[in-house]
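One structure below.
The values are calculated or read from the model by the stated rules, or taken from the named source; none is laboratory data. Keep in mind that what you see is a predicted model, and the values were worked out from it rather than measured. Ideal geometry is used to build each Cβ from the backbone, glycine not excepted, and the neighbour counts take in all protein chains shown. Each accessible area value is taken on the protein alone, full model and side chains, heavy atoms only, with ligands, DNA and RNA left out. Shrake-Rupley method; radii C 1.70, N 1.55, O 1.52, S 1.80 Å.
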Amino acid sequence: MKAAVLGEKGVEVRDVPRPTPKPNEVLIKVRASSLNRADTIVAAGIQHGPVGGVGARLGLECSGEVEAVGSEVTGFKAGDRVMGSAPGGFAEYTVTDAGRLHRIPGNNMTYAQAACFPIALQTMHNAVVTAGRLKRGETLLIQGASSGVGLMGMQIGKLMGASMVLGTSTNAHRRATGGNGVNLIVDMVSAPVANGNLAACALLGRIVNVGRLGGTKGEFNYDLHALRRIDYIGVTFRTRTSEEVRDIVKAMRADLWPAVESGKLSLPIYKTFKLDHIVEALGVMTANQHFGKIVIDVA
(Lines give C-alpha, C1' and ligand atoms only; values in the text may rest on other atoms or scores of the structure.)
Protein backbone atom coordinates (compact mmCIF):
# COMPACT_ATOMS: atom_id res chain seq x y z
CA MET A 1 0.00 0.00 0.00
CA LYS A 2 0.99 3.65 -0.38
CA ALA A 3 1.77 5.66 2.75
CA ALA A 4 3.39 8.96 3.71
CA VAL A 5 6.65 8.15 5.46
CA LEU A 6 9.57 10.21 6.78
CA GLY A 7 12.54 9.32 4.60
CA GLU A 8 16.23 10.27 4.75
CA LYS A 9 15.55 13.48 2.80
CA GLY A 10 12.10 14.32 4.12
CA VAL A 11 8.54 13.10 3.71
CA GLU A 12 7.81 10.83 0.76
CA VAL A 13 5.03 8.55 -0.41
CA ARG A 14 6.27 4.99 -0.73
CA ASP A 15 5.03 1.40 -0.77
CA VAL A 16 4.93 -0.21 2.68
CA PRO A 17 3.38 -3.43 4.03
CA ARG A 18 -0.33 -3.26 4.76
CA PRO A 19 -0.92 -3.45 8.55
CA THR A 20 -2.70 -6.32 10.24
CA PRO A 21 -5.14 -5.53 13.07
CA LYS A 22 -4.39 -6.76 16.59
CA PRO A 23 -7.26 -8.33 18.56
CA ASN A 24 -8.45 -4.90 19.79
CA GLU A 25 -7.93 -3.09 16.48
CA VAL A 26 -9.80 -2.31 13.28
CA LEU A 27 -8.24 -2.21 9.81
CA ILE A 28 -9.52 0.81 7.86
CA LYS A 29 -9.47 1.34 4.13
CA VAL A 30 -8.72 5.06 4.26
CA ARG A 31 -10.72 7.46 2.11
CA ALA A 32 -9.59 10.77 3.62
CA SER A 33 -7.29 12.11 6.32
CA SER A 34 -6.61 15.56 7.72
CA LEU A 35 -3.49 17.34 8.91
CA ASN A 36 -2.63 18.29 12.48
CA ARG A 37 0.30 20.25 13.90
CA ALA A 38 1.95 17.09 15.16
CA ASP A 39 2.33 15.97 11.53
CA THR A 40 4.59 18.96 10.78
CA ILE A 41 6.67 18.14 13.87
CA VAL A 42 7.27 14.54 12.74
CA ALA A 43 7.89 15.74 9.17
CA ALA A 44 10.62 18.03 10.51
CA GLY A 45 12.39 15.02 12.01
CA ILE A 46 11.38 15.74 15.61
CA GLN A 47 10.14 12.95 17.84
CA HIS A 48 6.48 13.34 18.86
CA GLY A 49 5.63 10.88 21.60
CA PRO A 50 6.28 7.36 20.28
CA VAL A 51 6.35 8.55 16.63
CA GLY A 52 9.44 9.90 14.93
CA GLY A 53 12.60 9.23 13.01
CA VAL A 54 13.25 7.81 9.56
CA GLY A 55 10.53 5.34 8.62
CA ALA A 56 7.83 6.99 10.75
CA ARG A 57 4.38 6.94 9.17
CA LEU A 58 2.53 10.25 9.30
CA GLY A 59 -1.08 11.02 10.11
CA LEU A 60 -3.24 11.12 13.23
CA GLU A 61 -6.84 10.78 12.03
CA CYS A 62 -8.82 9.47 9.10
CA SER A 63 -12.14 8.33 7.72
CA GLY A 64 -12.94 5.35 5.55
CA GLU A 65 -14.46 1.88 5.55
CA VAL A 66 -13.82 -1.03 7.87
CA GLU A 67 -11.79 -3.64 6.00
CA ALA A 68 -11.38 -6.14 8.85
CA VAL A 69 -11.68 -6.32 12.64
CA GLY A 70 -9.59 -7.99 15.35
CA SER A 71 -10.85 -10.99 17.28
CA GLU A 72 -11.90 -8.95 20.34
CA VAL A 73 -13.72 -6.19 18.46
CA THR A 74 -17.48 -5.91 18.66
CA GLY A 75 -19.73 -3.21 17.27
CA PHE A 76 -17.94 -2.82 13.93
CA LYS A 77 -18.00 -4.96 10.81
CA ALA A 78 -16.51 -4.91 7.33
CA GLY A 79 -18.03 -2.17 5.19
CA ASP A 80 -18.96 0.20 8.03
CA ARG A 81 -18.22 3.87 7.30
CA VAL A 82 -16.04 5.09 10.16
CA MET A 83 -13.86 7.93 11.38
CA GLY A 84 -11.38 8.07 14.22
CA SER A 85 -7.99 9.03 15.52
CA ALA A 86 -5.58 6.63 13.85
CA PRO A 87 -1.77 6.68 13.75
CA GLY A 88 -0.37 6.47 10.24
CA GLY A 89 -3.56 7.86 8.71
CA PHE A 90 -1.85 9.24 5.58
CA ALA A 91 -2.01 5.85 3.90
CA GLU A 92 -4.30 3.61 1.90
CA TYR A 93 -4.85 1.44 4.99
CA THR A 94 -4.30 1.94 8.71
CA VAL A 95 -5.21 0.27 12.00
CA THR A 96 -6.47 1.80 15.21
CA ASP A 97 -7.89 0.78 18.56
CA ALA A 98 -11.62 0.12 18.20
CA GLY A 99 -12.28 2.41 21.17
CA ARG A 100 -11.14 5.41 19.09
CA LEU A 101 -13.57 4.77 16.24
CA HIS A 102 -17.00 6.20 15.44
CA ARG A 103 -19.48 5.40 12.74
CA ILE A 104 -19.87 8.28 10.31
CA PRO A 105 -23.33 9.77 10.94
CA GLY A 106 -25.89 9.06 8.24
CA ASN A 107 -26.50 12.75 7.56
CA ASN A 108 -24.76 12.96 4.18
CA MET A 109 -21.40 13.66 5.85
CA THR A 110 -18.61 13.13 3.32
CA TYR A 111 -15.40 11.25 4.04
CA ALA A 112 -13.51 14.56 3.80
CA GLN A 113 -15.74 16.18 6.41
CA ALA A 114 -15.58 13.14 8.68
CA ALA A 115 -11.78 13.08 8.61
CA CYS A 116 -11.71 16.54 10.21
CA PHE A 117 -13.57 15.62 13.40
CA PRO A 118 -11.82 12.98 15.56
CA ILE A 119 -8.77 14.81 16.92
CA ALA A 120 -10.58 18.14 17.28
CA LEU A 121 -13.52 16.58 19.14
CA GLN A 122 -11.55 14.50 21.63
CA THR A 123 -8.82 17.12 22.20
CA MET A 124 -11.10 20.06 22.80
CA HIS A 125 -13.78 18.26 24.78
CA ASN A 126 -11.02 17.09 27.10
CA ALA A 127 -9.50 20.59 27.30
CA VAL A 128 -12.71 22.59 27.67
CA VAL A 129 -14.96 20.24 29.65
CA THR A 130 -12.75 17.76 31.52
CA ALA A 131 -9.48 19.59 32.23
CA GLY A 132 -10.92 23.10 31.94
CA ARG A 133 -14.06 22.36 33.99
CA LEU A 134 -16.16 24.85 32.04
CA LYS A 135 -19.37 25.72 33.87
CA ARG A 136 -22.54 27.03 32.24
CA GLY A 137 -22.46 30.83 32.15
CA GLU A 138 -18.66 31.14 32.29
CA THR A 139 -16.50 32.90 29.69
CA LEU A 140 -14.07 31.06 27.41
CA LEU A 141 -11.11 32.24 25.36
CA ILE A 142 -9.40 30.06 22.73
CA GLN A 143 -5.88 31.36 22.21
CA GLY A 144 -4.98 30.46 18.62
CA ALA A 145 -8.49 29.85 17.35
CA SER A 146 -8.01 29.69 13.58
CA SER A 147 -6.92 26.03 13.52
CA GLY A 148 -9.45 23.24 13.16
CA VAL A 149 -8.94 22.26 16.79
CA GLY A 150 -9.34 25.88 17.93
CA LEU A 151 -12.50 26.38 15.88
CA MET A 152 -13.97 23.22 17.38
CA GLY A 153 -13.10 24.42 20.88
CA MET A 154 -15.15 27.59 20.36
CA GLN A 155 -18.15 25.58 19.18
CA ILE A 156 -17.88 23.15 22.09
CA GLY A 157 -17.74 26.05 24.54
CA LYS A 158 -20.93 27.54 23.15
CA LEU A 159 -22.66 24.14 23.07
CA MET A 160 -21.73 23.50 26.70
CA GLY A 161 -23.22 26.78 27.86
CA ALA A 162 -20.44 29.38 27.90
CA SER A 163 -21.92 32.87 28.17
CA MET A 164 -19.20 34.33 25.94
CA VAL A 165 -16.71 32.61 23.64
CA LEU A 166 -13.72 34.58 22.36
CA GLY A 167 -11.11 33.54 19.82
CA THR A 168 -7.77 35.16 19.11
CA SER A 169 -4.50 34.41 17.39
CA THR A 170 -2.59 37.23 19.08
CA ASN A 171 -3.07 38.53 22.63
CA ALA A 172 -5.96 38.24 25.07
CA HIS A 173 -7.87 41.35 26.19
CA ARG A 174 -10.02 41.90 29.29
CA ARG A 175 -12.27 44.62 27.89
CA ALA A 176 -14.83 42.17 26.46
CA THR A 177 -15.40 40.75 29.96
CA GLY A 178 -15.95 44.11 31.64
CA GLY A 179 -12.52 43.95 33.22
CA ASN A 180 -13.25 40.74 35.10
CA GLY A 181 -11.14 38.49 32.93
CA VAL A 182 -11.90 35.14 31.32
CA ASN A 183 -12.88 32.13 33.41
CA LEU A 184 -11.22 29.60 31.11
CA ILE A 185 -8.44 30.02 28.55
CA VAL A 186 -7.52 27.15 26.24
CA ASP A 187 -4.08 27.95 24.86
CA MET A 188 -2.78 26.60 21.56
CA VAL A 189 0.18 29.03 21.41
CA SER A 190 1.91 29.09 24.84
CA ALA A 191 5.35 30.74 25.11
CA PRO A 192 4.83 34.28 23.68
CA VAL A 193 1.30 34.65 25.07
CA ALA A 194 1.73 33.01 28.48
CA ASN A 195 1.87 36.24 30.46
CA GLY A 196 -0.90 37.78 28.36
CA ASN A 197 -3.04 34.80 29.29
CA LEU A 198 -2.32 35.34 32.97
CA ALA A 199 -3.30 39.00 32.63
CA ALA A 200 -6.52 38.09 30.81
CA CYS A 201 -7.55 35.36 33.24
CA ALA A 202 -10.13 35.95 35.95
CA LEU A 203 -9.54 35.39 39.64
CA LEU A 204 -9.66 31.63 40.23
CA GLY A 205 -9.66 31.07 36.46
CA ARG A 206 -8.15 28.15 34.59
CA ILE A 207 -5.63 28.02 31.74
CA VAL A 208 -5.29 24.75 29.80
CA ASN A 209 -2.05 24.37 27.84
CA VAL A 210 -2.99 22.31 24.77
CA GLY A 211 -0.54 23.49 22.08
CA ARG A 212 2.83 25.17 21.87
CA LEU A 213 2.78 26.73 18.41
CA GLY A 214 4.76 29.71 19.71
CA GLY A 215 7.46 27.59 21.30
CA THR A 216 7.99 25.40 24.34
CA LYS A 217 9.85 27.90 26.55
CA GLY A 218 9.19 31.51 27.54
CA GLU A 219 8.69 33.98 30.39
CA PHE A 220 6.07 33.27 33.03
CA ASN A 221 4.84 35.78 35.62
CA TYR A 222 4.70 33.57 38.70
CA ASP A 223 3.51 36.42 40.92
CA LEU A 224 0.50 37.18 38.68
CA HIS A 225 -0.22 33.45 38.54
CA ALA A 226 -0.32 33.36 42.33
CA LEU A 227 -2.23 36.63 42.77
CA ARG A 228 -5.03 35.47 40.50
CA ARG A 229 -4.91 31.96 42.01
CA ILE A 230 -5.04 30.48 38.52
CA ASP A 231 -5.06 26.76 37.81
CA TYR A 232 -2.52 26.19 34.99
CA ILE A 233 -3.17 22.76 33.47
CA GLY A 234 -1.09 20.87 30.91
CA VAL A 235 -2.60 18.22 28.65
CA THR A 236 -1.27 15.93 25.92
CA PHE A 237 -2.20 12.59 24.37
CA ARG A 238 1.46 11.53 24.16
CA THR A 239 1.60 10.17 27.71
CA ARG A 240 -1.91 8.73 27.85
CA THR A 241 -2.63 5.02 27.82
CA SER A 242 -5.08 3.38 25.41
CA GLU A 243 -7.54 3.05 28.29
CA GLU A 244 -7.29 6.77 29.07
CA VAL A 245 -7.90 7.67 25.43
CA ARG A 246 -10.92 5.36 25.34
CA ASP A 247 -12.32 7.16 28.41
CA ILE A 248 -11.79 10.54 26.73
CA VAL A 249 -13.61 9.35 23.62
CA LYS A 250 -16.53 8.01 25.70
CA ALA A 251 -16.87 11.29 27.61
CA MET A 252 -16.79 13.27 24.38
CA ARG A 253 -19.45 11.11 22.76
CA ALA A 254 -21.74 11.44 25.78
CA ASP A 255 -21.73 15.24 25.50
CA LEU A 256 -21.20 15.96 21.82
CA TRP A 257 -22.35 13.13 19.58
CA PRO A 258 -25.95 14.32 19.11
CA ALA A 259 -24.53 17.67 17.93
CA VAL A 260 -22.23 15.87 15.48
CA GLU A 261 -25.10 13.78 14.12
CA SER A 262 -27.36 16.80 13.72
CA GLY A 263 -24.69 18.86 11.98
CA LYS A 264 -24.59 21.44 14.76
CA LEU A 265 -20.82 20.96 15.03
CA SER A 266 -18.84 21.42 11.82
CA LEU A 267 -15.40 22.45 10.55
CA PRO A 268 -14.47 24.36 7.39
CA ILE A 269 -12.13 22.65 4.92
CA TYR A 270 -9.44 25.06 3.74
CA LYS A 271 -7.99 22.92 0.95
CA THR A 272 -7.82 19.30 -0.21
CA PHE A 273 -4.72 17.55 -1.56
CA LYS A 274 -4.10 14.10 -3.01
CA LEU A 275 -1.86 11.76 -1.00
CA ASP A 276 0.93 12.15 -3.58
CA HIS A 277 0.97 15.88 -2.75
CA ILE A 278 1.41 15.43 1.00
CA VAL A 279 4.61 17.52 1.04
CA GLU A 280 2.76 20.47 -0.46
CA ALA A 281 -0.04 20.05 2.09
CA LEU A 282 2.45 20.03 4.96
CA GLY A 283 3.98 23.21 3.54
CA VAL A 284 0.62 24.97 3.63
CA MET A 285 0.16 24.06 7.29
CA THR A 286 3.69 25.11 8.18
CA ALA A 287 3.12 28.50 6.50
CA ASN A 288 0.29 29.09 9.01
CA GLN A 289 -1.98 30.88 6.55
CA HIS A 290 -4.89 28.45 6.48
CA PHE A 291 -8.26 28.76 8.23
CA GLY A 292 -9.82 25.44 9.09
CA LYS A 293 -8.69 21.95 8.11
CA ILE A 294 -6.34 20.70 5.40
CA VAL A 295 -7.58 17.39 4.01
CA ILE A 296 -5.78 14.55 2.24
CA ASP A 297 -7.87 12.68 -0.31
CA VAL A 298 -6.73 9.05 -0.28
CA ALA A 299 -9.63 7.44 -2.20
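Observations on the model:
- When Rg and the Kirkwood radius Rh are both evaluated on Cα atoms of the stretch 130-228, their ratio Rg/Rh stands at 0.93.
- Aspartates and glutamates with Cα under 14 Å of residue 158, excluding same-chain neighbours fewer than 8 positions away: 138, 255
- Cut-off under 5 Å, modelled amide H: who pairs with residue 162 long-range: 137
- Residue-wise HN-Hα coupling along the stretch 144-156, computed from phi with Karplus coefficients 6.51, -1.76, 1.60 (Hz; x: Gly, Pro): x, 8, 7, 6, x, 5, x, 4, 5, x, 5, 5, 5
- Pairwise inverse Cα distances across the chain, averaged and inverted, put the Kirkwood hydrodynamic radius at 19.6 Å.
- Residue 231-residue 286 FRET efficiency (beta carbon distance; Förster radius 30 Å; 0.05 resolution): 0.40
- The simple Förster model, with R0 at 22 Å and r as the Cβ-Cβ distance, assigns residue 276 and residue 8 a FRET efficiency of 0.70.
- J(HN,Hα) series, the stretch 220-234, from Karplus relation 6.51 cos²θ - 1.76 cosθ + 1.60, nearest Hz, glycine and proline x: 9, 7, 5, 5, 5, 4, 6, 4, 7, 6, 8, 7, 10, 10, x
- Around residue 31: net Lys/Arg minus Asp/Glu count, Cβ-Cβ under 13 Å: -3
- The phi-based Karplus calculation (6.51 cos²θ - 1.76 cosθ + 1.60; θ = phi - 60°) puts the 3J(HN,Hα) values of the stretch 245-251 at 5, 4, 5, 5, 5, 4, 5 Hz, whole numbers, x for Gly and Pro.
- Extension reserve of the residue 261-residue 108 stretch, reckoned as 0.36 nm per residue once the Cα distance is removed: 54.1 nm
- Rounded to whole Å, the principal axis extents of the Cα atoms in the stretch 171-252 read 41, 26, 21, largest first.
- The portion of the accessible surface of the chain made up by carbon and sulfur, rounded to a whole percent, is 51 (1.4 Å probe; DNA, RNA and ligands excluded).
- The slack in the chain from residue 242 to residue 41, taken as 0.36 nm per residue of separation less the alpha-carbon distance, amounts to 70.1 nm.
- Residue 299 versus residue 72: modelled label distance in nm, points set 7 Å from Cα along the beta carbon direction: 3.3
- Under-5 Å amide H pairs with residue 292, H placed in peptide plane, nonlocal only: 148
- Residues whose amide H lies under 5 Å from that of residue 201, counting only those 5 or more places away or on a different chain, are 182; hydrogens are built 1.01 Å from N in the peptide plane.
- Highest average packing first - 262-271, 288-297, Cβ atoms within 10 Å: 288-297, 262-271
- Beta-bridge orientation, the chain: approximately 55 percent antiparallel, per DSSP, counting only bridges with both partners inside.
- Shape of the stretch 1-131, Cα gyration tensor, a/c cut at 1.5: oblate
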